[in-house]
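Here's the structure, in structure tokens; my notes come after.
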Protein chains: 2
Amino acid sequence: MTTKKSSATREKILETALRLFRKRGFERTTMRDVAKAAGVAVGAAYYYFPSKDALVMAYYERTQANHTTLAREKMSAATSLDGRLRAVLHTKIDTIERDRKLLSALFRSAGDPASELSIFAGKTRRVRDESIALFREALAAEKLPAELESALALALWSLSMGIVLFFIHDESPNHEKTRRLVDRSVETLAPMMPMAPMLAPLGTSVLGVLREVGLA
Amino acid sequence: MTTKKSSATREKILETALRLFRKRGFERTTMRDVAKAAGVAVGAAYYYFPSKDALVMAYYERTQANHTTLAREKMSAATSLDGRLRAVLHTKIDTIERDRKLLSALFRSAGDPASELSIFAGKTRRVRDESIALFREALAAEKLPAELESALALALWSLSMGIVLFFIHDESPNHEKTRRLVDRSVETLAPMMPMAPMLAPLGTSVLGVLREVGLA
DNA sequence: GTCTATAACATGATAGAC
DNA sequence: GTCTATCATGTTATAGAC
């Protein structure tokens with residue numbers, strides 16, 4: 001049973017860790033630093049978070065929940081596909097704006113089959129599906145064939161991963177390069193939607209490949 | 001000046017490291033293991049390779065050189081776009097087939113701005129450009145508009161990165177899932193080439209975005 | 001079950017002797 | 001150029017207190 005005291009301790013440790021990761025970066029923050037700043041023993045930190053990566057996983061879940069809320073809010077105010085895509089992508093950047101130094105830790109393990117943070121790992125699946133669902137919602141009003149909608153939602157999610165990767169490396173003031181990448185991407189893609197039904201066989205085909213190899 | 005003795009030592013260390021990485025994986029091979037098996041002190045290994053990642057970088061350069069040779073060889077025997085794309089992608093997998101355990105180390109640092117192995121780092125640029133050039137060669141006979149050819153070569157390179165990422169996680173016997181992913185991807189894309197000129201504005205547009213943010 | 005305090009261990013990396 | 005000694009840090013272990 002999770003007591004109030006216990007979850008308060010857990011929260012304290014997570015908050016402290018994220019604060020230090022943001023300030024000094026993931027690598028340069030040690031578990032000893034986190035424990036000390038949170039006012040607990042090293043053992044307590046490991047009692048709640050079995051590894052340093054587990055703290056990143058907790059961040060990943062929390063930040064996705066924030067993004068979902070914020071994106072839905074902004075999407076409901078938009079009146080076009082263009083506006084909805086912009087809403088999802090810009091709120092994504094809003095959500096992670098302060099966290100450049102932290103995010104590289106997430107991507108570091110994304111390709112590692114052994115890591116729980118792997119892009120294919122079961123642990124990350126719920127969060128990933130929640131993110132893909134947002135793009136599906138942005139597309140919903142277009143009334144596309146189901147297969148095509150799924151394929152496009154997946155493609156847009158892939159694009160968003162690429163944009164986040166770019167954001168991590170973006171040193172421009174106010175991340176204006178990333179903001180521009182979002183705007184130009186939407187400008188390029190949204191006007192193509194009328195052509196989308198023509199691409200329906202492609203959508204089916206792509207999904208077919210992904211299903212065949214177990215990716216969708 | 002690089003003496004014969006020195007480069008022999010360097011080579012011995014690299015060979016030994018790759019052999020151990022292949023056998024036991026990157027994480028589970030320590031620098032102490034490498035030094036011991038190569039018959040040198042830990043300090044000597046660090047003298048030639050300033051970090052464990054530097055050994056991976058050396059692998060990356062070497063394996064790309066192998067891929068370039070092999071892909072050109074197979075491409076020259078192919079008579080269609082379909083065949084040339086298959087040649088480039090399958091030889092890529094041929095080249096890294098034994099190295100699943102090693103490759104995750106490469107991807108691990110790909111998203112980290114601080115790493116020399118970053119996908120945006122200057123150190124990796126030559127290797128990346130060499131790889132993109134292969135896709136350009138596969139497309140050359142199609143006589144596409146220059147901008148479109150560049151955009152497609154970049155897109156195909158991105159696809160190949162995705163395929164390598166999938167390969168790292170592919171536990172199927174003989175990596176048949178990856179081989180199937182290659183074949184189905186080519187089957188899906190090659191027949192669309194006749195439509196490509198229609199997409200020329202898209203190609204220009206995409207390249208425009210990438211240039212604007214400094215990615216191409 | 002929730003912690004503290006401390007030590008120990010493995011390993012990437014470095015300093016300084018030779 | 002090469003080696004030995006040493007450090008820093010993720011993680012585990014020990015031994016308990018409440």
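Being surrounded by fewer than 20 Cβ atoms within 10 Å (Cβ to Cβ), of a type in the set (Val, Ile, Thr) and under 21 Å from the mean Cα position of the chain (by Cα) holds for only one residue in A:69, A:79, and it is A:69. Within segment B:131-176, the only residue that satisfies the criterion of being hydroxyl-bearing (Ser, Thr, Tyr), within 14 Å of chain A (Cβ to nearest Cβ) and part of a helix (DSSP H, G or I) is B:158. Scanning segment B:189-201 for residues that are within 26 Å of residue B:89 (Cβ to Cβ) and either buried (at least 16 other Cβ atoms within 10 Å of the Cβ) or more than 9 Å from chain A (Cβ to nearest Cβ) (or both) turns up B:189, B:190, B:191, B:193, B:194, B:195, B:196, B:197, B:198, B:199, B:200. In segment B:7-29 there is at least one residue that is away from DNA strand C (no atom under 11 Å from the Cβ), outside the structural domain of residue B:184 (by TED's automatic domain parsing), at pLDDT below 95 and surrounded by fewer than 19 Cβ atoms within 10 Å (Cβ to Cβ). Within segment A:27-43, the set of residues being outside any loop (DSSP other than H, G, I, E, B) and small (Gly, Ala, Ser) comprises A:35, A:37, A:38, A:43. Of note, residue B:205 satisfies the criterion of being within 8 Å of chain A (Cβ to nearest Cβ), crowded, with 19+ Cβ neighbours inside 10 Å and under 22 Å from residue A:202 (Cβ atoms).
Residues in segment A:90-114 that are over 16 Å from residue B:115 (Cβ atoms) and either within 9 Å of chain B (Cβ to nearest Cβ) or of a type outside the set (Asp, Glu) (or both): A:90, A:91, A:92, A:93, A:95, A:96, A:98, A:113, A:114.
The values are calculated or read from the model by the stated rules, or taken from the named source; none is laboratory data. Being a predicted model, the structure only gives us computed values, none of them experimental. Every residue, glycine as well, gets a Cβ built from its backbone with ideal geometry; the counts of neighbours run over all protein chains shown.
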